[in-house]
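Remarks on the structure that follows.
Please treat every number below as a calculation from the coordinates, not as lab data. Note that the coordinates shown come from a computational prediction; the quantities given were computed from them, not determined experimentally. Methodologically, a virtual Cβ is constructed for each residue, glycine included, from the backbone with ideal geometry; neighbour enumeration extends over all protein chains shown.
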Amino acid sequence: MSEPHTKVQEALDAWRRATDRQPRPEAQERARRALLASVGAYSSPRTIFSPRRALAFVLIAAMVLFLVPSQFPTKNHTLPPTLATNEISLAASYIAQAPTSPHAQQLLTSAATLLAKAHQQLPQDHSAPVWKQWEDTQKELVTTEREVEHESSPSVSASPSPTTASSTTPKPVEGSPSPSRTSSDGGGDAGSGGGQDN
Amino acid sequence: MPVPNNVSDAVIAAKAGSADGWEWLFAHFYPMVLRYTQAHFARQGDAEDVVQEVFVSASRSLSSLRSVSEPVVEAWFLRIAKYRVVDEIRRAQRFRRPLGEIEEGEDPADLAEGAILAQHVRVALLSLNDAQRDVLVRRFVLDHSLERVAEAWGKPVGAVKALQHRALARLTRELDKVWGDKE
């Protein structure tokens, strides 16, 4: 067996070599399409009023307002973070519109991004109602993605990569979550530089 | 708007909503960001998913980028990658999804000693803090100089050097634990 420091060096070299894999074209193309969908969704004007979209949003917002407070225990429970709740609600409205929208993938990608963002703001207490709300919306997203993928005909998407939106999503909830917290050092997209050390 | 041919032009074009600008940035930075994420995840699919999230996130926060110089833009992409990697690691830990699995169907040759050692490093990295992981990936995987890391972090070179030293010491201790368990 090698000396310890030599073995560490060997491990670092092996690690470096292991990261030198070529990008897989299909994954690169999928990411490129997700990026362009996001750019399109983000930069396109949103001034056109859609009664169906407005109705869906109102219904979901009403449902959230009705359900979330009713799930609060009476004793000293922290309120859900407003931002997270808003983002989950908006994501839910995007998901609701997706099956009938010509821009289903864009809506689902936006919903996935919103959910990922909301996830970073969830409270440590996993019993908080906002956690269930997030998980339910996440499940709904996964289900809707499958439906949309299933319904889209191959001729519509000639290029390979039917999973554009799904791979931007947080992984489906499974098992019982442990009480850890998502990155407190930003999670944000443009936070300050990396730096704290123990 | 003309098709960009350098980082600055691409950022300016992307800020103006040009898909060409984004295409250029994507083609230029995708390999580096992928390599950064592959340093953390054994499954290439996990790394690719995170990279996709990095670019989608970038598309939503480009307006926060104040400079269009290549070092700043590179540092910005890597910073987003760092946060996404941290989120993914914590998410995997929360849902008890193992990060150390070798991908199914992977070439058996990859299971040779080199791949196992590399996986030991990834596992040991999980015990380091975010900054320690970040410095090791930048220095040993991306081959960035101390000065480049310092510039990206906005810290003195000495501070980066000290952090790297502590990170390596911690990594060595963690690897000893991993190897001790295997013997």
Mean residue ellipticity (222 nm) of chain B, computed from DSSP H runs ≥ 4 via -39,500 (n - 2.57), nearest 500
-23000 deg cm²/dmol
Suppose R0 equals 51 Å; then what is the FRET efficiency for A:Lys139 and A:His5 from their Cβ-Cβ distance, rounded to the nearest 0.05?
0.55
With x for Gly and Pro, the residue-by-residue ³J(HN,Hα) of segment A:20-30, computed from phi through the Karplus equation 6.51 cos²θ - 1.76 cosθ + 1.60 at θ = phi - 60° and given in whole Hz, is 8, 7, 5, x, 8, x, 5, 5, 5, 5, 4
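In percent, what relative contact order does chain B have, based on Cα pairs under 8 Å that are 6 or more apart in sequence?
Relative contact order for chain B comes out at 20 percent.
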Going residue by residue through segment A:104-112, the Karplus relation 6.51 cos²θ - 1.76 cosθ + 1.60 with θ = phi - 60° gives ³J(HN,Hα) values, rounded to whole Hz and with x marking Gly or Pro, of 4, 5, 4, 4, 5, 5, 5, 4, 4
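Pairs A:Lys117/B:Lys161; A:Lys117/B:Lys82; A:Lys117/B:Lys15: which are spaced more than 24 Å apart, C-alpha to C-alpha?
Pairs exceeding 24 Å: A:Lys117/B:Lys161.
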What does a probe at B:Gln93 reach in segment B:43-59, counting residues whose amide N is under 20 Å from the point 7 Å along Cα→Cβ?
B:43, B:46-47, B:50-51
Among B:Gln132, B:Gln93, B:Gln52, which one moves the most in a GNM of chain B with springs linking Cα atoms closer than 10 Å?
B:Gln93
Compute the longest continuous run of chain B that contains no exposed trypsin sites (Lys or Arg not before Pro); treat a site as exposed when its DSSP state is not H, G, I, E or B and it has at most 13 other Cβ atoms within 10 Å.
B:97-183
Sort B:Val33, B:Val72, B:Val51, A:Val148 so that the residue with the fewest other Cβ atoms within 10 Å of its own Cβ comes first and the one with the most comes last.
B:Val72, A:Val148, B:Val33, B:Val51
Whole-angstrom gap from segment A:111-138 to segment B:146-176, using each part's C-alpha centre
34
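Which FRET efficiency value, to the nearest 0.05, is calculated for B:Ser127 and B:Met32 with the Förster distance at 25 angstrom and r the Cβ-Cβ distance?
0.50
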Using a 10 Å cut-off around each Cβ, can you sort B:Asp176, B:Asp134 from fewest to most neighbouring Cβ atoms?
B:Asp176, B:Asp134
For segment B:70-79, what does the Karplus curve 6.51 cos²θ - 1.76 cosθ + 1.60, with θ = phi - 60°, yield as ³J(HN,Hα) per residue in whole Hz, taken in order and with x for Gly and Pro?
4, x, 5, 5, 4, 4, 5, 4, 5, 5
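At R0 = 30 Å, how high is the FRET efficiency between A:Ala54 and B:Lys15 if r is their beta carbon distance? Nearest 0.05 is fine.
Numbers: r = 31 Å, r/R0 = 1.02.
FRET efficiency, A:Ala54 to B:Lys15: 0.45.
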Multiply the residue separation of A:Ser127 and A:Ala61 by 0.36 nm, subtract the distance between their alpha-carbon atoms, and state the gained length in nm to one decimal.
21.6 nm
